[in-house]
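Remarks on the structure that follows.
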Amino acid sequence: MSDALSEFTIVPVAEMSLGETPLDWPDRPDTLAGTLEIAGQIGERFPLLHSGLAGPDVLAADNLTDADIARGIADRGRDVGSDEDRVASVLFLQTYVYRVAAPMLAAWVLHGRIPDVSASNFVLRFNDIGRPQDVAMKTPRFYTLPGDITRDAETVTVTDLTDAAIRVLLDGHLLPMMERLCQSRKMGLPLARGSVASQIGMALTFIDAQSAVPWQTTARIAVEFFERTADLIAGQGRSGDMHYKQLGDREGVTFRRGTCCLVYRVPGKGYCGGCPLRSKPELLDTWSTRLLARPTDNLVTPHGRCDLES
């Protein structure tokens, strides 16, 4: 182990004390459109969640046909050069999960708001490689804590954001899609559940890396979400784990999935960064490299991207 790695700290977040003071988001835009625009600045893999989308190729998430899904799976397989249906199906599910969950999670971490991305309120447009390129809500609606009202959206007040996220994101959208793929494709339930959990964990990891929100906020949201959904998206006994990592003055959180995703079977691909099949030295090397590569300025704040060093 190199001297640098000997100073690298990695600890499961579940073993840490993150505090019990209720999370608070005092700096929020007064519109849902503002929240969605800022959430979309996290990165290119975070689609801008619109509150309106139209066109002949726009599909309602709760009305996707078997042909729509089969076409998306075939497009994913062709894009990565794999003719294995199970691999293409996993990649389709992971891409779908990420692009539904990522903007919702960013709005939650940045502003304490849960956009209604349930399938009945969601439309999307696939690109030619099987990914939802454009996503939107039919009705601009979000769930939030008491006292948060915007000028341009329907507000549903709740006392438990995690419960709202589970109902909207999992019960209302991703779990039915996951079960549908398990029934129609050669995909076991543990593999499908692990794919859902991993993409949520990866999105939270990326939000932490690209935003100025304290890592503890993201960690607390992640830990509670995964603890309360273990019976829904635990692949092989567990969903995965968020880890705290620190090297010098750099720190943050990252997700290690609980099940393998089969990406290693794609031609030219290896194991993903948080694969449970990788050895501890391999993980430490990857995670320390990624931590050092994180940006330190031009991060996304509750007000948008900002050069914190200026």
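The values are calculated or read from the model by the stated rules, or taken from the named source; none is laboratory data. None of these values were measured; they are calculated from a predicted model. All Cβ positions, glycine included, derive from the backbone under ideal geometry; neighbour counts span all protein chains shown. Note: areas computed on protein heavy atoms with side chains; ligands, DNA, RNA excluded. Shrake-Rupley method; radii C 1.70, N 1.55, O 1.52, S 1.80 Å.
Leaving ligands, DNA and RNA out of it, report the carbon-plus-sulfur percent of the accessible area of the range 94-220 at a 1.4 Å probe.
Working: 1970 of 3990 Å².
Accessible surface attributable to carbon and sulfur in the range 94-220 totals 49 percent.
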Going by amide H atoms built from the backbone, whose H comes under 5 Å of the H on G252, apart from near neighbours? K245
Tell me the label-point distance for the pair D57, T289, using the 7 Å Cα-to-Cβ offset, in nm and rounded to one decimal. 3.5 nm
Given H placed 1.01 Å from N in the peptide plane, which residues other than close sequence neighbours of H50 have an amide H under 5 Å from its amide H? V135, A136, M137
For the range 51-106 and the range 138-182, write down the distance between their C-alpha centroids in whole Å. 20 Å
Just to check I understand the Karplus step: with θ = phi - 60° and J = 6.51 cos²θ - 1.76 cosθ + 1.60, what whole-Hz values come out for the range 279-296, glycine and proline as x? 6, 4, x, 5, 5, 4, 5, 5, 5, 5, 4, 5, 5, 5, 8, 5, x, 10
Among A74, A102, A136, which one moves the most in a GNM of the chain with springs linking Cα atoms closer than 10 Å? A74
Probe 1.4 Å, accessible area per residue of the chain, Å²: 44 Å²
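Going from most exposed to least, what order do H243, H50 have by accessible area with a 1.4 Å probe?
On the way: H243 25, H50 65 Å².
Putting H243, H50 in descending order of accessible area: H50, H243.
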Using Cα springs under 10 Å in a Gaussian network model of the chain, which residue among G52, G72, G201 shows the largest mean-square fluctuation? G52
